[in-house]
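Quick note: the coordinates plus some simple rules give every number you see, no bench work behind them. Note that the coordinates shown come from a computational prediction; the quantities given were computed from them, not determined experimentally. So basically every Cβ, Gly included, is an ideal-geometry build from the backbone, and we count neighbours across all protein chains shown.
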Amino acid sequence: MPQPLEAVDPVTVSVLEELLVSVVREMRVTFSRSAFSSIINEGHDFSCALLSAEGELIALSEDNPGHIFPLSYAAREIFSRYAGDIHPDDIFILNDPYICGTHMNDVAIFCPRFQDDRGLIFPTIRAHWGDVGGSVAGSLSGDSSHIFMEGTIIPPLRLYSRGELNKECLEIILANMRGRRDRHGDLMAMLGTCRLATRRIADFENRYGADTVQAASEILLGRSERRIRQSIEKVPDGNYYYENYTDNSGTGTEPLRISLRLEVAGDRVHCDFSGTSDQVNGPMNAGPATAATSCFMVLKSALDPGASVNAGCFRPLSVAAPEGSILNAQFPAPFGGASDLRRTVEATVLGAAIQAIPGFSAGDTKGCANHCYISGRHPGSGEAFLYYEYPAGGTGAVEGSDGDHFLRTYTEGDFNSIQPVESLEGTLPVLFERSDLRPGSCGHGRWRGGLGLERRIRVEAEGAALTVLTDRVMIPPYGVETGGASKGNRFIVIRDGKKVELSDVPGKATAFELLRGDVVVLRSAGGGGLGDPLARDPDAVLEDVRLGYIAGDEAASEYGVVLSDGKIDEKSTASERSRIKDARVYMKTRPTADDEYAGVRRLCRISGEAARRFGFRDGQLIEYIPQRAAPLRAWVKISDKIAGDETPIGPIGMSILSLSDGDPIQIRPVRSPYAHPPL
């Protein structure tokens with residue numbers, strides 16, 4: 001019989017909590033050291049967890065939340081499909097994106113455990129396999145238009161039945177994937193790791209009793225639930241709105257919109273994504289686990305960052321993602337860009353949370369997964385190679401602190417920021433010419449965002465190809481509280497000293513043909529700034545110039561800090577800061593009954609006279625800049641029905657910006673090397 005919760009003393013609960021987490025940490029070390037592919041043993045693109053008999057998250061360590069929380073969706077599906085037919089030593093495998101919510105490269109293994117026909121805590125691993133089939137090496141195609149272009153769908157399958165391997169099942173899976181040796185090696189490493197974890201859990205179940213472990217786990221979930229509910233109760237009740245955009249779908253250049261209504265009521269939060277763009281025939285789609293995971297990660301980090309992460313934290317949160325939208329896409333929509341889409345959802349939730357949570361604010365992060373594949377064959381041996389990189393970028397500024405330079409963020413877990421040059425050059429026909437900070441990529445502000453990365457890779461093989469699937473190239477990460485946006489991601493090839501664009505759709509390229517000697521340039525985005533750049537300490541600006549983070553002309557143009565012979569010219573700085581402040585564009589708001597859109601793009605309607613005076617053009621991407629929140633992006637629409645310096649804004653826009661009728665609002669262009677099609 002299960003033990004009453006009150007029968008487990010607090011010391012035992014704390015000891016068992018640490019034991020459970022230690023099992024996950026041992027899983028991470030074991031798997032990273034036994035896996036075959038560099039994306040795992042060097043990049044650490046995997047996550048481990050312990051789940052309850054009901055599929056709820058019990059324990060994790062430094063794992064990627066984007067991997068972990070969809071595992072509960074998958075576990076529930078397995079238990080539903082195989083109800084009454086799951087036995088000791090059964091092992092299940094799946095990557096079905098319509099269940100897991102992300103791209104198919106994330107393959108999961110589940111190892112349910114039983115005692116006297118009663119389910120127990122069990123281990124699971126989700127790992128990025130370098131290739132799962134499909135139209136291009138690496139499977140993540142920038143222009144995929146249906147799911148079959150992205151590889152082999154693995155529905156919930158019983159890979160082992162009572163300890164016996166289903167060899168035919170495994171053969172079908174591996175036969176449809178490139179790099180069979182690495183795929184098989186990674187799978188065996190996953191299985192071995194889970195078996196080790198099973199023994200570890202059994203050891204302390206034997207010591208403390210399985211009933212005690214189960215009761216302690218429920219206590220831990222209840223404790224986390226109470227903590228997060230208490231934090232939510234401190235947030236003012238109400239509806240908080242935000243909207244955000246991805247660059248494009250991958251098969252076209254129109255942006256996609258994420259719309260959110262975040263409702264706080266007592267100790268509960270509901271996130272409603274109605275109004276989000278419909279699913280597309282391109283890789284920028286995801287399943288419902290993606291929206292739920294994004295909401296959880298941001299709200300948990302903002303409301304209760306110090307407590308353990310488990311399923312109890314998730315209980316006060318509900319999420320509605322409309323079926324048929326890009327956040328709940330239906331067959332046969334492709335999912336290759338789900339990880340990039342999730343970053344946009346996170347930024348959307350962050351924008352709403354800044355409005356809702358008193359005293360909380362942060363600039364946006366570099367904002368996407370940055371999938372980059374170089375594939376080909378080794379010179380001489382002819383053996384196929386696959387180099388997969390997903391460069392980190394800058395993190396957003398927070399009150400009192402600048403952002404960090406090309407590091408993983410709170411939503412990414414313990415992935416490596418960059419893979420080590422020595423390992424890659426020793427196994428791949430590539431030469432790394434440069435791995436460095438990307439100067440000037442930060443979002444400017446009183447507190448500066450972190451810098452992105454610049455990496456240059458010379459290809460030393462004939463017939464190689466480059467595939468890129470990313471976002472935040474056209475629409476960069478935002479700053480907050482008048483802080484500036486960062487520079488977006490940028491991926492190009494330098495051939496014979498000249499820049500070559502990869503495709504007509506920015507951020508998306510499929511099997512771009514590389515020549516020997518081509519240099520692939522990866523430039524990741526910086527983080528958004530926080531606060532007025534004119535309020536930044538001039539000495540901090542001077543230090544940024546000295547360290548090479550920004551150039552001297554940026555010190556003057558962005559911060560109004562004028563330097564002369566490496567020193568601050570205080571008189572010229574005061575004058576320049578006054579000039580910049582006076583040159584800012586403010587318009588008078590006029591509320592309207594409805595928010596105006598052209599397709600999915602929010603409109604900023606202004607008069608022709610105002611456009612000429614302030615230098616705006618039709619179809620230009622701008623942002624409305626509130627004093628204490630995240631900006632609202634829109635596209636300029638010049639109209640002869642608008643008078644003077646007025647700009648009409650609908651009710652959702654007015655709510656996001658916290659404006660009343662006639663309030664002035666600052667408008668500024670969003671700088672990008674690319675533009676969307678005319679309205």
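Spin-label point model (7 Å from Cα, Cβ direction): what's the residue 675 to residue 118 distance in nm?
It is 6.9 nm.
Report the full-extension gain for the segment residue 582 to residue 268: residue separation times 0.36 nm, less the Cα-Cα distance, to one decimal in nm.
In short, 108.6 nm is gained.
Residue by residue through the range 147-154, which ³J(HN,Hα) values in whole Hz follow from phi under the Karplus form 6.51 cos²θ - 1.76 cosθ + 1.60 (θ = phi - 60°), with glycine and proline marked x?
In residue order, the calculated couplings are 5, 6, 6, 9, x, 9, 7, 10 Hz.
With θ set to phi - 60° and the Karplus curve 6.51 cos²θ - 1.76 cosθ + 1.60, what are the ³J(HN,Hα) couplings of the range 159-164 in order, to the nearest whole Hz, using x for Gly and Pro?
Result, ordered by residue: 7, 10, 10, 6, x, 9 Hz.
What list of ³J(HN,Hα) values in whole Hz, one per residue of the range 273-288 in order, does the Karplus curve 6.51 cos²θ - 1.76 cosθ + 1.60 (θ = phi - 60°) give from phi, with Gly and Pro shown as x?
9, 4, x, 6, 4, 5, 4, 10, 8, x, x, 8, 9, 7, x, x
Which of the lysines could a cross-linker span from residue 300 if the Cα-Cα distance has to be under 26 Å and same-chain partners fewer than 8 positions apart are dropped?
Within the straight-line limit of under 26 Å, residue 300 reaches these lysines: 234, 366.
With a 10 Å radius around each residue's Cβ, average the other Cβ atoms per peptide and rank 168-174, 254-260, highest first.
254-260, 168-174
Straight-line reach from residue 498: which lysines have Cα under 22 Å away, leaving out those fewer than 8 places along the same chain?
487, 508
Could I have the simple spin-label model distance between residue 609 and residue 148, label points 7 Å from Cα toward Cβ, reported in nm to one decimal?
Spacing of the two 7 Å Cα→Cβ label points: 6.0 nm.
Let me know the Rg and Dmax you get for the range 1-66 when you use only its Cα atoms, in Å.
According to the Cα coordinates of the range 1-66, Rg and Dmax are 15.0, 47 Å.
Just rank 213, 468, fewest to most, by other beta-carbon atoms within 10 angstrom.
213, 468
Within the range 491-573, which GluC sites (Glu not before Pro) sit in a loop by DSSP and count at most 15 neighbouring Cβ atoms inside 10 Å?
When the GluC sites (Glu not before Pro) of the range 491-573 are filtered for loop state and at most 15 Cβ neighbours within 10 Å, 501 remain.
So, with +1 on the Cβ of K and R and -1 on the Cβ of D and E, and no other charges, what is the size of the charge dipole of the range 537-582 about its Cα centre, to the nearest 20 debye?
140
If you line up the long axis of helix 10-34 against the longest principal axis of the chain, both from Cα atoms, how many degrees apart are they, to the nearest 10?
Rounded to the nearest ten degrees, it is 80.
Using Stokes-Einstein with the Kirkwood hydrodynamic radius over Cα pairs, what translational diffusion coefficient do you get for the chain at 20 °C and a viscosity of 1.002 mPa s, in µm²/s rounded to a whole number?
In µm²/s, the coefficient is 82.
Among 597, 98, 373, which comes first, then next, by fewest other beta-carbon atoms within 10 Å?
Ascending number of Cβ neighbours within 10 Å: 597, 98, 373.
Assuming 0.36 nm per residue, please report the length gained on full extension of the stretch residue 456 to residue 11 beyond their Cα-Cα distance.
154.9 nm
At 222 nm, what helix-only mean residue ellipticity would the chain give, in deg cm²/dmol to the nearest 500, using -39500 (n - 2.57) for each DSSP H run of four or more?
Calculated from helices alone, the mean residue ellipticity at 222 nm is -9500 deg cm²/dmol.
Could you tell me the calculated FRET efficiency between residue 378 and residue 572, based on Cβ-Cβ distance and R0 = 56 angstrom, to the nearest 0.05?
It comes out at approximately 0.45.
With labels modelled as points extended 7 Å from the Cα through the Cβ direction, what inter-label distance (nm, one decimal) is found for residue 171 paired with residue 184?
Result for the modelled spin labels: 1.2 nm.
Give me the base-10 log of I(q)/I(0) for the range 58-206 at each q in 0.10, 0.16 Å⁻¹, Debye formula, one uniform scatterer per Cα, rounded to two decimals.
Relative scattering, expressed as log10 I(q)/I(0), comes to -0.35, -0.88.
Under 23 Å Cα to Cα from residue 567, which lysines show up? Leave out anything in the same chain fewer than 8 places away.
581
Considering just Cα atoms, how many Å³ per residue does the convex hull of the range 361-536 enclose?
For the range 361-536, the hull spanned by Cα atoms encloses 109 Å³ per residue.
In the range 535-627, what trypsin sites (Lys or Arg not before Pro) fall in a loop by DSSP, with at most 14 other Cβ atoms inside 10 Å?
The qualifying sites are 584, 617.
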